[in-house]
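**Student:** Pasting a structure here, questions to come.
The values are calculated or read from the model by the stated rules, or taken from the named source; none is laboratory data. What you see is a predicted model; the values in this text were computed from it and never measured. When we count neighbours, we look across all protein chains shown, and the Cβ atoms used for this are built from the backbone with ideal geometry, even at glycine. Surface accessibility is based on the protein's heavy atoms, side chains included, excluding ligands, DNA and RNA. Shrake-Rupley method; radii C 1.70, N 1.55, O 1.52, S 1.80 Å.
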Amino acid sequence: MKVVIVEDERQGVEMIVSDLIAVVKNKATTTVGLATGGSMETIYEELVSHGRESAVNFDEVRWFLLDEYLGLNADDPARYRAVIRKQLVDPLGLDPAHLYGPEPDLASGEDAGPKYETAIRAAGGIDLQFLGIGRDGHIGFNEPGSSLASRTRVKKLRPETREDNARYFGGHLSAVPTMAITQGIGTICDARRLVLVAWGEAKAEAIAKCVEGPVTAMAPASALQLHPHVTVVIDQGAAQQLQLKDY
Ligand code: PGA
């Protein structure tokens with residue numbers, strides 16, 4: 001695991017986007033896993049502006065969502081597919097057909113996991129998966145207690161996660177779905193390369209457990225310690241509780 005402590009979010013974002021552009025230049029058919037959330041927003045903004053300037057060709061890239069809410073209407077702007085359309089696909093002029101996600105229809109929820117796994121495999125697996133981290137150490141919607149070998153499946157959200165995400169639902173906790181479908185920890189770790197990002201002190205404890213803590217289902221991101229190619233990009237705030245910060 002490579003831990004990169006940057007001066008601030010801006011520096012981290014520029015580094016990540018330059019890296020992604022280099023990856024796509026090197027392999028036009030790259031498959032990229034996309035996380036949603038506050039930590040990724042500046043990365044998508046930068047990718048849109050830098051991507052346009054650099055004239056890199058994204059036509060053959062395939063994009064895969066990490067997770068999706070269940071129980072929202074197909075046209076709900078809070079659906080992660082809609083969020084990624086707005087933040088990345090539309091402004092960068094990508095083909096929406098190249099954006100894949102788990103089927104967020106509650107009726108088909110149980111089938112949706114295996115179907116999504118099949119879609120990922122059919123695309124040759126994910127080359128580069130981006131991840132945020134929850135304050136409770138979740139990755140995707142794999143809440144504490146999730147099996148480290150889990151595959152894409154339906155998960156119930158913890159109150160803390162719903163509270164954190166209420167800001168995307170006008171601050172109304174009752175509007176935040178209680179269920180989601182998420183790539184499992186095993187699915188995430190099948191990606192050839194993982195990049196986890198975290199900004200700010202609120203993530204410091206989760207990052208310390210992810211990077212230095214025991215590998216445990218109670219800190220789902222700690223499973224990344226077993227992956228051969230992970231980069232954790234964090235700012236000074238998120239690095240605060242690392243015992244080996246200076247090293
Ligand atoms: P955030 O969420 O980027 O909005 O902080 C990350 C996560 O919950 O995985």
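**Student:** So, of the residues in segment 30-72 that are among the aliphatic types (A, V, I, L, M) and away from the ligand (no atom under 13 Å from the Cβ), which turns out to be modelled with the lowest pLDDT? Break it down stepwise before answering.
**Tutor:** Step one: of segment 30-72, the residues among the aliphatic types (A, V, I, L, M) are 32, 34-35, 40, 43, 47-48, 55-56, 61, 65-66, 70, 72.
Subset that is away from the ligand (no atom under 13 Å from the Cβ): 32, 47-48, 55-56, 61, 70, 72.
Numbers: Val32: 98, Leu47: 96, Val48: 96, Ala55: 80, Val56: 90, Val61: 98, Leu70: 92, Leu72: 92.
That would be Ala55.
**Student:** Looking at (1) among the aromatic types (Phe, Trp, Tyr); (2) open to solvent by 70 Å² or more (accessible area, probe 1.4 Å); (3) touching a residue at least 60 places away in the same chain (Cβ under 8 Å), which is the only condition Tyr100 fails?
**Tutor:** Status for Tyr100: all satisfied but (3).
**Student:** In contact (Cβ under 8 Å) with a residue 12 or more places away in the chain and open to solvent by 10 Å² or more (accessible area, probe 1.4 Å): does that describe Glu110? Please lay out each step first, then the result.
**Tutor:** Values: in contact (Cβ under 8 Å) with a residue 12 or more places away in the chain: yes; open to solvent by 10 Å² or more (accessible area, probe 1.4 Å): yes.
In short, yes.
**Student:** Take the residues of segment 134-161 that are open to solvent by less than 40 Å² (accessible area, probe 1.4 Å) and out of contact with any strand residue (DSSP E or B) (no Cβ under 8 Å at 6 or more places or on another chain): which is nearest to the ligand (Cβ to nearest atom)?
**Tutor:** First pass over segment 134-161, keeping only residues open to solvent by less than 40 Å² (accessible area, probe 1.4 Å): 134, 136-144, 146, 150, 152, 154, 157, 161.
Okay, now just the ones that are also out of contact with any strand residue (DSSP E or B) (no Cβ under 8 Å at 6 or more places or on another chain), so 134, 136, 138, 161.
Numbers: Gly134: 4, Asp136: 9, His138: 6, Thr161: 7 Å.
So the residue we want is Gly134.
**Student:** Cβ contacts < 7 Å: first residue farther than 22 Å from Thr42 by Cβ, restricted to segment 197-217; second residue within 16 Å of the ligand (Cβ to nearest atom) and in a helix (DSSP H, G or I), any location; separation 6+ or different chain. Result?
**Tutor:** Matching pairs, first to second residue: Lys209/Ser222; Gly213/Ser222; Pro214/Ser222; Val215/Ser222; Val215/Ala223; Thr216/Ser222.
**Student:** Can you confirm whether Glu46 is over 23 Å from Arg153 (Cα atoms), acidic (Asp, Glu) and in contact with a helix residue (DSSP H, G or I) (Cβ under 9 Å, 6 or more places away or on another chain)?
**Tutor:** On the way: over 23 Å from Arg153 (Cα atoms): yes; acidic (Asp, Glu): yes; in contact with a helix residue (DSSP H, G or I) (Cβ under 9 Å, 6 or more places away or on another chain): yes.
Yes, satisfied.
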